[in-house]
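Scroll down for the structure; my scribbles are underneath it.
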């Protein structure tokens, strides 16, 4: 039996969150696995651009990312 690292239900249950350093209510969040790995191929073009931007401005505009349980809607 082959087990995947991602659950088989509605997708990733974790998110990689980049919290704004200047606006507490603003953040970038991307679906990831429990280790914080983001599948960039599964992101839309806009989400991929936001992800790369957030990574580039760590420490200047956003805090170090944190892996958090994904909010259920």
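Ranked by the mean number of other Cβ atoms within 10 Å of their residues, highest first, the peptides 45-51, 13-19 fall in the order 13-19, 45-51. Once the chain from residue 57 to residue 22 is taken as fully extended at 0.36 nm per residue, the excess over their C-alpha distance is 11.3 nm.
Readers should treat all values here as calculations from the given coordinates under stated rules, not as data from a laboratory. What you see is a predicted model; the values in this text were computed from it and never measured. For neighbour counting, all protein chains shown are included, and Cβ atoms are generated from backbone atoms with ideal geometry for every residue, glycine included.
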